[in-house]
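Notes to accompany the following structure.
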Amino acid sequence: MTTNTALNASLGAATPATIALRGITKVFATDEMETHALRGIDLDIYTGDFVSICGPSGCGKSTLLSLLGLLDMPTSGSYQIEGHEVSGLSLSEAAYIRNEKIGFIFQSFNLIDELTVFDNIALPLRYRRTSLPKAEIEARVQACLQKVDMTHRAGHRPNQLSGGQQQRIAIARALVGNPALLLVDEPTGNLDSKNGDAVMEMLQQLNNDGTTLCMVTHDPRYADMASRKLHLLDGRILDADGSPLQQHVTLKQVAP
Ligand SMILES: Nc1ncnc2c1ncn2[C@@H]1O[C@H](COP(=O)(O)OP(=O)(O)O)[C@@H](O)[C@H]1O
Ligand SMILES: [Mg+2]
């Protein structure tokens, strides 16, 4: 995937990126102070990519993920999903695009204990602006249950399952809407190493099958599973050698 991405870039990005960030900044301002959480992020994510994001606490990882997921809007810069500018959307438009295009997997599985496993997975489909027929919801949920090997637990409640199983249900819920991008924040943070490894193997398999992933992780072993590793420091993406990445300059140099 990295090779494809590099090739696309050197050919003048013949294939449009699924996700394109240009000059993204995020400033959190209070009466007393301004925090520059992101200081100019340029990032392309292509279909089928597996991007990992590492960096010390406070460097802007969660801020970047929440902007990518349209949970928040940038202070400045451009953000395009499949060629559509989304940086200036209203909250309700953003919610609509988020529901259609983006799946989330969090450290704390965020399942609803009052609902069955089946209904947890179906939830994103039931929030769609255009409602789907019941049979299609059923078929999609079953397909996702199969992908995470949890068909036998469809009628259980999340609190009757182990942590590893709950994270697999959360993965199924993230997949049910066929998202263009899966955003993953410390997916193994609440799991022991055996269950963590199993969840990571599952994410790797999903990526092999074509799902586009962007994952924040502290674990170098898991970051290494990605096809592209990004290091954030103080709101900027660092190059592999540790210097701030000058993506536009690099592209101009390699392009004819
Ligand atoms: N809602 C907010 N209000 C004010 N400051 C914030 C807010 N969210 C994050 N920050 C600040 O922005 C910086 C980046 O935070 P964050 O993205 O959470 O870092 P990370 O996830 O890498 O630990 C930090 O200095 C943090 O204190
Ligand atoms: Mg964070």
Item to check | Hits in the range 21-62 (condition: on the phi < 0 side of the Ramachandran plot, within 16 Å of ligand 2 (Cβ to nearest atom) and among the small types (Gly, Ala, Ser)) | outcome: Ala37, Ser52, Ser57, Ser62
Checklist outcome for this item: Flagged pairs (Cβ under 7 angstrom, 6 or more apart or on separate chains; first in the range 182-206, farther than 14 Å from Asp149 by Cβ; second outside any helix (DSSP H, G or I) and among the charged types (D, E, K, R)) are Thr188/Asp219
Checklist entry - Scanning for something under 25 Å from Glu201 (Cβ atoms), of a type outside the set (D, E, K, R) and in a helix (DSSP H, G or I), does the range 108-119 turn up at least one residue? => result yes
Checklist entry - Which residue pairs have Cβ atoms under 9 Å apart, sit 6 or more places apart or on different chains, and have a first residue in the range 211-234 that is farther than 21 Å from Thr18 by Cβ and free of Cβ contacts under 8 Å to residues at least 12 places away in the same chain and a second that is aliphatic (A, V, I, L, M) and not in a loop (DSSP other than H, G, I, E, B)? => result Arg221/Met200
Item to check | Qualifying residue in the range 126-135 (condition: within 25 Å of Gly210 (Cβ to Cβ) and crowded, with 18+ Cβ neighbours inside 10 Å) | outcome: no
Checklist entry - Is there a residue being away from ligand 1 (no atom under 16 Å from the Cβ), assigned to a strand (DSSP E or B) and either among the hydrophobic types (A, V, I, L, M, F, W, C) or modelled with pLDDT under 95 (or both) anywhere in the range 184-205? => result no
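I'm trying to understand the selection: among the residues of the range 206-229, which are basic (Lys, Arg), surrounded by 14 or more Cβ atoms within 10 Å (Cβ to Cβ) and away from ligand 1 (no atom under 16 Å from the Cβ)? Spell out how you get there, then give the answer.
Step one: filter the range 206-229 for residues basic (Lys, Arg), giving 221, 228-229.
Within this subset, residues satisfying the condition of being surrounded by 14 or more Cβ atoms within 10 Å (Cβ to Cβ) are 228-229.
The one that is basic (Lys, Arg), surrounded by 14 or more Cβ atoms within 10 Å (Cβ to Cβ) and away from ligand 1 (no atom under 16 Å from the Cβ): Arg228.
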Next on the checklist: Quick test for you: out of Ser66, Ser52, pick the one residue that is under 11 Å from the mean Cα position of the chain (by Cα), surrounded by fewer than 22 Cβ atoms within 10 Å (Cβ to Cβ) and either touching a residue at least 12 places away in the same chain (Cβ under 8 Å) or near ligand 1 (Cβ under 10 Å from one of its atoms) (or both).
Outcome noted: Ser66
Next on the checklist: Of everything in the range 139-180, what is surrounded by fewer than 22 Cβ atoms within 10 Å (Cβ to Cβ), in contact (Cβ under 8 Å) with a residue 40 or more places away in the chain and among the polar types (S, T, N, Q)? Give them in sequence order.
Outcome noted: Asn159
Checklist entry - Is there a residue being of a type outside the set (D, E, K, R), at pLDDT 95 or above, over 18 Å from the mean Cα position of the chain (by Cα) and part of a loop (DSSP other than H, G, I, E, B) anywhere in the range 89-103? => result no
Checklist entry - Tell me, which residue of the range 48-88 that is assigned to a loop (DSSP other than H, G, I, E, B) and polar (S, T, N, Q) is nearest to Ala174 (Cα to Cα)? => result Ser87
Checklist entry - Does at least one position in the range 95-111 carry a residue that is away from ligand 1 (no atom under 16 Å from the Cβ), closer than 16 Å to Gly23 by Cα and either touching a residue at least 60 places away in the same chain (Cβ under 8 Å) or not aliphatic (A, V, I, L, M) (or both)? => result no
Next on the checklist: So, in the range 1-46, exactly how many residues are at pLDDT 55 or above, part of a loop (DSSP other than H, G, I, E, B), of a type outside the set (Phe, Trp, Tyr) and under 22 Å from the mean Cα position of the chain (by Cα)?
Outcome noted: 4
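The values are calculated or read from the model by the stated rules, or taken from the named source; none is laboratory data. Here the structure is a predicted model, which is why all the values come from computation and not from measurement. FYI the Cβ positions are ideal-geometry reconstructions off the backbone, even for glycines, and counts take in every protein chain you see.
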